[in-house]
Amino acid sequence: MRTSSAILPWVARLAILSLAVGLIWGFFFTPDDYRQGSTVKIIYLHVPSATMAINIWAMMLVTSLIWVVRRHHVSVLAAKAAAPIGATMTLIALATGAIWGQPMWGSWWEWDPRLTAFLILFLFYLGYMALWAAIDNPDAAADLTSILCLVGSVFAVISRYAINFWNQGLHQGASLSLDAEENISDVFWQPLVISLVGFGLLFVTLLLIRTRTEIRARRLMALKQRERLG
Amino acid sequence: MPELGPYAGEVLSAYAVAFGLLGALVIVSLWKSARVRRALDEIEARREPRRNG
């Protein structure tokens, strides 16, 4: 708790700074795309939120596995704390994608492999949170949600690589790639990377706040039980 | 404000939805943190006299 309280203000400041720079740069100072017009400005929200949606589930998988193997309570509380952030990121990716898709594809929604996998990932996030809320015994809830997280990881992987598995659907390939030829133009790439860093740091900030809350809530529950027992 | 052309509605609504959802997440996280911290402080303050006495 001492380490997290020391780094939290710095991570929060960096998150606000990088989000402000990335989004202001992207929104105000980048040109329109020659085909997509000004809708390309949605990329600075859509790509970082979609990337975070998948990566947050991956983080939850790692921390859930640590719980299963080592019974480390903080790790599973970190997974629990991350789930609402991941669900929000997935919802932002789905909503901004639909708003972007309507003028570009002529449709708010298509049962495209990547879109469908993302919708299922969102439902897994909701299921994961519902399972935590439904079970009173914290250790039993941790066990069952960890198993759910393991199953949901299949859809997180499909969300990321669906475009490679099935060469069909409306969704374009990855906007960011290590292969320079596949990457988007530098003029869009630079603010996009800063926005990505901002979304990542925002996640770390919220994760620290929410995990500390979960640890305190666990202690609060223990003290209340002790009081009740006299 | 940049010239957004015929897609101004789409671009602005995408930003409004994203900021709305992120803002709600931040507010709920901070509110829950403050509420749990206050409850924990109260219960620990109640236990303190017992422990000292």
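The values are calculated or read from the model by the stated rules, or taken from the named source; none is laboratory data. No experiment lies behind these values; they were computed from the predicted model shown. FYI the Cβ positions are ideal-geometry reconstructions off the backbone, even for glycines, and counts take in every protein chain you see.
What to note about this one:
- Failed condition for B:Glu10, given (1) loosely packed, with under 15 Cβ neighbours inside 10 Å; (2) at the interface with another protein chain (Cβ under 8 Å from one of its Cβ atoms); (3) acidic (Asp, Glu): (1)
- Criterion applied to B:Ala45, B:Ala39, B:Ala16 was being more than 7 Å from every other protein chain (Cβ to nearest Cβ) and within 28 Å of A:Ile215 (Cα to Cα), and the one residue passing it is B:Ala45.
- Flag if A:Leu115 is farther than 30 Å from A:Ala217 by Cα, outside any loop (DSSP other than H, G, I, E, B) and at pLDDT 95 or above: no
- Apart from one condition, A:Asp112 fits all of (1) within 25 Å of A:Phe188 (Cβ to Cβ); (2) surrounded by 23 or more Cβ atoms within 10 Å (Cβ to Cβ); the exception is (2).
- In summary, helices (runs of 4 or more DSSP H) completely within region A:1-112 and bearing 1 or more residues that are in contact with a Pro (Cβ under 7 Å, 6 or more places away or on another chain) occur at A:2-28, A:43-70.
- Flag for B:Leu30 being surrounded by 15 or more Cβ atoms within 10 Å (Cβ to Cβ) and either of a type outside the set (Val, Ile, Thr) or closer than 25 Å to A:Trp100 by Cα (or both): no
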